[in-house]
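Just below is one structure, and these are the notes that go with it.
The values are calculated or read from the model by the stated rules, or taken from the named source; none is laboratory data. Note that the structure is a prediction, hence the values are computed from the model and not measured. Cβ sites come from the backbone with ideal geometry, for glycine too, and all protein chains shown count toward neighbours. To get the accessible areas, we keep the full protein, side chains included, count just its heavy atoms, and leave off ligands, DNA and RNA. Shrake-Rupley method; radii C 1.70, N 1.55, O 1.52, S 1.80 Å.
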Amino acid sequence: EPEVTQTPSHQVTQMGQEVILRCVPISNHLYFYWYRQILGQKVEFLVSFYNNEISEKSEIFDDQFSVERPDGSNFTLKIRSTKLEDSAMYFCASSLPPGGQYQETQYFGPGTRLLVL
Amino acid sequence: DAKTTQPPSMDCAEGRAANLPCNHSTISGNEYVYWYRQIHSQGPQYIIHGLKNNETNEMASLIITEDRKSSTLILPHATLRDTAVYYCIARTTGNQFYFGTGTSLTVIP
């Protein structure tokens, strides 16, 4: 069964450093998402991406964050200058585009645990 | 998207059916009810979704009341591996998923 994969599984970085989290969505999916979950808290939406542009973003997704689809398979989340409060699990998800009942189910990857020291 | 209300925790004996309720009294006609679960800190796992009719797949059944104000996720024969946090989400087409605090289900041997 196809699945979303994410690398690395764990990332430790120093405050102020840039990090790039990588995701490989399910191959025929066209919508991509990033969510995060701070330890002990809810899963929170960050951004959705379609047709090489951001389609929706939350208040959390400020200028420190950016997303990119650098090639036909990868989808990345960059945090330019990490802060302590960026420590969280980051989940990538993908889905087919809207157009039918089963088109929009989002499938999540296993996550990247980011620790900012 | 409509707000959903779930009990914070539930227990279920292994091998028995687990019935997880969800209230979504303000749901609108075009909002689907989705269920996901999260085992420990893994990525949320899709279980099932529906609009009006009851749905069943290899993982679970979803029973939606006729007025659509509540639903129940049924795991027919719970196993220890079903211990997880279960999220009920009411979602309009095109929107992101809003995860609440869910129901923490513990399957007891």
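Counting only DSSP beta bridges with both residues in the protein assembly as shown, what percent are antiparallel, rounded to the nearest 5?
If I count the DSSP bridges inside the protein assembly as shown, around 90 percent turn out antiparallel.
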Practice problem: Pull out the extension gain between residue A:24 and residue A:60, defined as 0.36 nm times the separation in residues minus the alpha carbon to alpha carbon distance; nm, one decimal. | Solution: 10.7 nm
Quiz item: Where Lys and Arg each count +1 and Asp and Glu each count -1, what net charge lies around residue A:54 among other residues with Cβ under 15 Å from its Cβ?
Solution: -3
Self-check item: segment B:1-88: GluC sites (Glu not before Pro) in DSSP coil with no more than 11 other Cβ atoms inside 10 Å
Solution: B:58, B:66
Quiz item: Can you list, bin by bin at 10 Å, the percent of alpha carbon pairs in chain A, starting at 0?
Solution: 14, 49, 30, 6, 0
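Heavy atoms only, probe 1.4 angstrom, no DNA, RNA or ligands counted: give me A:15, A:89 ranked by accessible area, highest first. Don't skip to the end; give the middle numbers.
On the way: A:15 115, A:89 15 Å².
Accessible-area ranking of A:15, A:89, largest first: A:15, A:89.
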Practice problem: Return the single residue from A:30, A:39, A:77 with maximal mean-square fluctuation; model: Gaussian network over chain A, springs between Cα atoms under 10 Å. | Solution: A:39
Practice problem: With all distinct Cα pairs included, what does the Kirkwood hydrodynamic radius of segment B:45-96 come out to in Å, to one decimal, could you say? | Solution: 12.3 Å
Quiz item: Of all the Cα-Cα pairs you can form in segment A:33-94, what percent are over 20 Å apart?
Solution: 22 percent
Self-check item: Inter-label distance, nm, simple model (7 Å from Cα along the C-beta direction), residue B:42/residue B:63
Solution: 2.7 nm
Exercise. Would you kindly calculate the mean projected area, averaged across all directions, of the convex hull enclosing the Cα atoms of chain B, in square nanometres?
Key: 6.2 nm²
Quiz item: If you bin every alpha carbon distance in the protein assembly as shown into 10 Å steps from zero, what whole percent lands in each bin?
Solution: 8, 32, 35, 20, 5, 0
Quiz item: Using θ = phi - 60° and the Karplus form 6.51 cos²θ - 1.76 cosθ + 1.60, what ³J(HN,Hα) does each residue of segment A:39-48 get, whole Hz, x for Gly and Pro?
Solution: 3, x, 10, 6, 6, 10, 6, 10, 7, 10
Quiz item: Can you give the direction-averaged projected area of the convex hull of the alpha-carbon atoms in segment A:1-68, in nm²?
Solution: 5.9 nm²
Quiz prompt | Accessible surface of residue B:32 - all protein chains present, 1.4 Å probe, nearest 10 Å² | solution = 40 Å²
